[in-house]
Structures are given as C-alpha cells and as structure tokens.
C-alpha cells in the first residue's frame, strides 16, 4: 500500500507519480488507502494522545497488503511509532474501540518502509534495469526523519547508493539538515540553513540537489529557488519510464 503523506499529495505530484511507476517497474502491485488521513505528524503527540488513532487508522487499512511504502520520513517515523505502541494489548484494544466507528480493526502488524529504504535494498537490481543512465552531478540531501534512533531501517549512504545506481555522480557536501525542521521556530534560520545547503552544492559543482523528503524540496526549491530533484524521478528516468501527467 502506497502512503504518500500530506505534503506530497498537496505539493509534489511528480514525486508520487514517479514512485508509483518505479514500484510497478520493480514488480509491485501498488494499492492505496481507501480513505486517507494524516499520519499524525511529529507535532500532534506533543499536545494529544489522539496521535495514535490517526496512525492506527492508516495502519489498519494495510490489511491484505505486504506492507506500507511511504514517501515522507515523518510519516515513516510516526507509522513505525504506531506499530510499536500497538504491540501493547491494552493500547490496541482501546484504539480498536475508536477505529470501530470507522469500520476498521487493527489486527496485524504491517512493515512500514520508506521508498528510499526499499530501493536501497534493491540497488543492484536497479543498476541492472537502467536503460538510460542519468549522467548528472548531484548533491544529496539526506532525510532527517529516517535517522531517528530506534525507528530507522535506512543505511547512512542509502540515498547515495540509489542515486549512483541510476547512473548519477554524487558530489560530497556536508551531511546536514536542510533547515526545514527550523521553520516553526524561525523562518529566517530555516532559510539560512537552506541557502547554506544550496551554496555547498553549487561550490561542489553539483547540477542540483536530490531529495527524498517533501519538506526538503519545499524549502530548497519552492522557497529558495534551488534546483531540486526527487530521487524517484531520477530513478524513473534512468529506467526509461515516462513521468507525464497521468499514472
């Protein structure tokens, strides 16, 4: 089951489209939730215990699928937190009482995996499927929320491995947050951090920055005007897939 997340659904259809096409090229049958809801984000737990109800609503809809593929690091982290919390029988019983009003029941524990983690697992297969190597020099912006201790399955060099498998050359820059995590505290600080990332990429000779996160793309591209490409777009193009307006 593909779960794009709020940011991708509202701002980055090219990310979702390329993700779907890459998954299908790898042999996956792609489904989606019958009814979409926010993952609960990282902010809701700080103000309400209801966050788990949101996460469980999505997790329960994965019944019948091999797992949930996410496109957002925040969604990945929150859904994994939900899986861990629902291992407690009393908690699961309480949450199922809430889900019953929507005709849902959480009965099995799905694997939650970000698309980047999944493609990293299949980096060798991707390399063999490439028909049009993307000969570009790029910097990579690693997604912070896929590095939360206890919640991550991502290898440190996952994004570099996947981008390289698509035929691109990765230039080295500092491994830092893009700055989007600072937006709620200070737009000025967030933009300063984002500009630093773009300046580092340019100084290293990169033609653009490859991202695996809608928040990174929104700050670096939409707010600061940088050249940004989602890793799934790079892979889709390397596999010779069309990434037009329709899935």
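The values are calculated or read from the model by the stated rules, or taken from the named source; none is laboratory data. This structure is a prediction, so every number in the text was calculated from the model and none was measured. Cβ: placed from backbone, ideal geometry, glycine included. Neighbour counts: every protein chain shown.
Put simply, of 229, 182, 189, 220 the only residue that is over 20 Å from the mean Cα position of the chain (by Cα), over 21 Å from residue 124 (Cβ atoms) and not assigned by TED's automatic domain parsing to the domain that holds residue 84 is 189.
Every residue in the stretch 104-136 that is farther than 22 Å from residue 67 by Cβ and part of a loop (DSSP other than H, G, I, E, B), please. Of everything in the stretch 104-136, those that are farther than 22 Å from residue 67 by Cβ and part of a loop (DSSP other than H, G, I, E, B) turn out to be 130, 131, 132, 133, 134, 135, 136. If you check residue 226 against the conditions, is it within 23 Å of residue 16 (Cβ to Cβ) and in a loop (DSSP other than H, G, I, E, B)? Criteria met by residue 226. Do you know which residues across the stretch 199-214 are outside any loop (DSSP other than H, G, I, E, B), buried (at least 23 other Cβ atoms within 10 Å of the Cβ) and within 21 Å of the chain's Cα centre (by Cα)? Once the filter is applied, which keeps residues that are outside any loop (DSSP other than H, G, I, E, B), buried (at least 23 other Cβ atoms within 10 Å of the Cβ) and within 21 Å of the chain's Cα centre (by Cα), the stretch 199-214 yields 209, 210, 211, 214.
Within the stretch 62-90, how many residues turn out to be assigned to a loop (DSSP other than H, G, I, E, B) and crowded, with 24+ Cβ neighbours inside 10 Å? Residues that pass the stated criteria total 2. Here the stretch 18-51 is the region considered, the condition is being at pLDDT below 95 and in a helix (DSSP H, G or I), and the residue that is surrounded by the fewest Cβ atoms within 10 Å (Cβ to Cβ) is 46.
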